[in-house]
Every structure is written in structure tokens, then in C-alpha cells.
Amino acid sequence: MYVYADNAATTKMSRHAIDAMLPYLDGLYANPSSLHTAGQKANEALTEARERIAALLGAEAREITFTSGGSEADNQAILSAVRLGARKGKKHIVSTAFEHHAVLHTLQKLEKAGYEVTYLDVHENGLITAQQVAQAIRPDTALVTIMYANNEIGTIQPIPEIGAVCREKGVLFHTDAVQAAGHLSIDVKAQNIDLLSLSAHKFHGPKGIGVLYARKGIILSNLIEGGAQERGKRAGTENIPAIMGMAAALEEACGAIDQNTPRVSALRDRLIAGLKEIPYSVLNGAQEPRLPGNVNFCFEGIEGESLLLLLDDKGICASSGSACTSGSLDPSHVLLAIGRPHEIAHGSLRLTIGEDATQEEIDYIIQAVTEVVAYLRGMSPVWRDLEAGKQSHVVAEHMSA
């Protein structure tokens, strides 16, 4: 059996999104900045897509800027906000220790430039509170940037409450919603979100296209100089086929949230229950509130890389954390942020199931992971020491299996 359980890394494009792209790869291929009729037809499609995406987010069309994806949107949002703050002498930022590296690396770059960043501690359950944010905000705070849902452990942050705190204190609020868009209902106005990033390939759209929402009145700083596209804030000819695919995919995903969420969440909980039966295993992050398809476990006494390779042999596509850091030998910064010791964080497994997952596939994953974990432990000298009592079980001492 083949099971793709790495949807947090990327999703399969939907047929609806592909069909929406095809006309703009062939007949309607003109540059939307051109003044001739063909160019104006492309521009009409661009305008329509912007309006459709804005409506799905509770935004206005002029508040939507098309980018190459979530990472670019994160960078532009953060750099724009802090430059606006710096004009008023504000050079303090509030974030968390388990953001995506598109955010963390941007913040580290700003720290080298003289900005100060407060990284909020994340509770073991993978959540922060609006009260933590309120306590961290200072008179010189320019920006709060906190992800909507974590890309590794799937925990959903209290975004409306955080947004309300930021609005009350007059601080700009950015959220990286790459994992949330298309899977959770988002209303930027109701949730007091000033800046939001998303990426199409996380909800069955094409790769290489994303959105930066910036509330009306927020002046964006350019990352890319050149032409006057995107109201002069993002140079480069717009990728009309990808934009049309993204609009179609987001409409399809948002329209199915109420139908998909209970079914996928039930399969997720079945998977969690099955993996909890493995001795000395621990779920990373609270089971609720959690993205419907996200399951992340640590298994004591094994290495995550070996686990992934053997699961791949059994036809299961999974990951040990963010696909953006898959080449790193270091344990996940997300797991370290929630307090997992290094020796446990190395044995992590992220399974992210899609809307088309079946109970048969879930049961196959449980069986395969159980077998592979037992096999790897049988070869591990560390596990033999643990079983012999020469070392203490970290999971048994500090966590509930």
C-alpha cells in the first residue's frame, strides 16, 4: 500500500486548480501589464482572482499582494512592519521560539541590525496565551508575529485573542497562516490580523505562489525592485496561471472545511490512539486545538531518519519535521521549544494526512510504525541499556505516554 502522509510539506494539486490554470498557460497567456486586448483580458483575470481570494479571507482586494509563497510573504510582512515602527523609534518585536524559519531567520537578521526580539516560551502543549503576548508588549514594540498553526506539531494558537490584545495596544500583528489557510476558517478583520501570509501548495494549489495580506493603511516595503506590478510593492510579471490555480484551490478548500474537518479529525484521533499504544511514545503538542490532519510523535530509543527510511520502504511518505530543514541533523527547534530533550527529539515522526485519507490507510500506518519502531529498538544499544536499567527512560520520567 502507498500512503502519502506528508501533506504539511506539500499537497497534491487538485483537479479543480489544474483546470483553472490551463487556459492561462495556452490561450490567455498575455502579460497583464500590457495595454492590448489580450493583456487586458489577463489583467481582468488577475483582478478577479484577487477579489476572490480577498473575500475568502474577509479582506479587501487592494489588501492582497501576490508573492512567490509563504517565505517571501513572511519576510515582506516583518520587514515592512519593523521599518514602520523604526520611524517612530520602536525597535522591539514579540514572537515565539517555534516559528517557521522564514520568520526566525528574518528576526535573527533584524537582531544583528539592532532590533530586540522577545521570544515567548511555548508551553509543553505547544500553545502560547494572549496573556503572554500582552505581558511582552512594551511601549517600543513595533510588531507581534506569531504563527496561526505550527507546521510541525499542528497546534493552533489563540489568534483572535492575540489580535485583540495587539489592536488594543496599538501594535501591528502578523501571523504566518501557511498551515492554516484552507484548513481553518480565517477572517482577518474579525480576528484583528494586520498582516497574514499564506502559500497555495499547502491547500492543493500550485507551488511558487502565495499571498501577503496587509491591512489598508500599512505601507509595504519592497523586497524586489523593478516594475510597477502589485501596486508597485512587488516587481515582476504576475504568474497568472498559478494565481488562478491558487484562487480555485482556496475556494475549493474553504468551501469544504465544514465537511472535511470532522472526518479528518476523527482519522487523526484514530492514528494518535494507535501510536500511543507503542511503549515509551509521546504525542507532541496538545491533541486539541490541533490541525485536523496533523500527528507528531516522539519514540524513545530510535533515530527519526531511520524510521522515515523504513516507513518509505513500506510505502509511507512521512517526515520528521519541517521539510525546509530536512537536510539538518539537528533535532527540531519546535520540539526543543516545547521542552523535549535532545535524545527524544531525535526520534520524532510527523504524519500529516489529507482529506482523502481512509481508515484502511490509518490502520496500515499504525501497523507499520509499530513494526518499524520495534525493529529499530531491537538493534539499538541505547534501547538495550534502557531496558536493562542502565539508563532511565526519559519518557517515563518526564512525560505521559
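General observations
- Over every Cα atom in region 1-108, the radius of gyration and the widest Cα-Cα span, Dmax, amount to 18.9, 59 Å.
- Selection among G163, I243, S265 by position relative to the dipole of region 159-299 gives G163 as farthest towards the positive end (Cβ unit charges, Cα centre).
- Karplus 3J(HN,Hα) series, Hz, for region 164-174 with 6.51 cos²θ - 1.76 cosθ + 1.60 (x for Gly, Pro): 5, 4, 5, 5, 4, 8, x, 10, 5, 10, 10
- Only Lys, Arg (+1) and Asp, Glu (-1) charged, at Cβ; region 149-253 dipole about Cα centre in debye: 260 debye
- Label point distance in nm, D330-D363, each placed 7 Å from Cα along Cα→Cβ: 4.3 nm
- Table column - 3J(HN,Hα) (Hz), region 53-58, Karplus curve with 6.51, -1.76, 1.60, x for Gly and Pro: 5, 4, 4, 5, 9, x
- For I224, the amide hydrogen comes within under 5 Å of the amide hydrogens of A235, counting only partners 5 or more places away or on other chains and with H modelled in the peptide plane.
- Calculated on the alpha-carbon coordinates, the convex hull of region 37-98 measures out at 132 cubic angstrom per residue.
- Sorted from greatest to least, the principal axis extents spanned by the alpha carbons of the chain come out as 75, 52, 34 Å.
- Helix 70-86 and the longest principal axis of the C-alpha atoms of the chain enclose an angle of approximately 70°.
- Degrees between helix 359-379 axis and first principal axis of the chain (Cα, 0 to 90, nearest 10): 50 degrees
- Estimated vicinal HN-Hα couplings, Hz - region 298-304 in sequence order (Karplus 6.51, -1.76, 1.60; Gly, Pro = x): 10, 10, 5, x, 9, 9, x
- Only the Cβ atoms of Lys and Arg (+1) and of Asp and Glu (-1) were treated as charged; on that basis the dipole of the chain about its Cα centre amounts to roughly 1400 debye.
- Amide H to amide H, with H built 1.01 Å from N, T67 comes under 5 Å of G210, V211, L212, counting only residues 5 or more places away or on other chains.
- Positive-pole candidate from C298, Q391, Y115, dipole of the chain, charges at beta carbon: Y115
Just so you know, all these numbers are worked out from the coordinates, no wet-lab data involved. Everything numeric here is computed off the predicted structure, so don't read it as measured data. We place every Cβ from the backbone using ideal geometry, glycine too, and count neighbours over all the protein chains shown.
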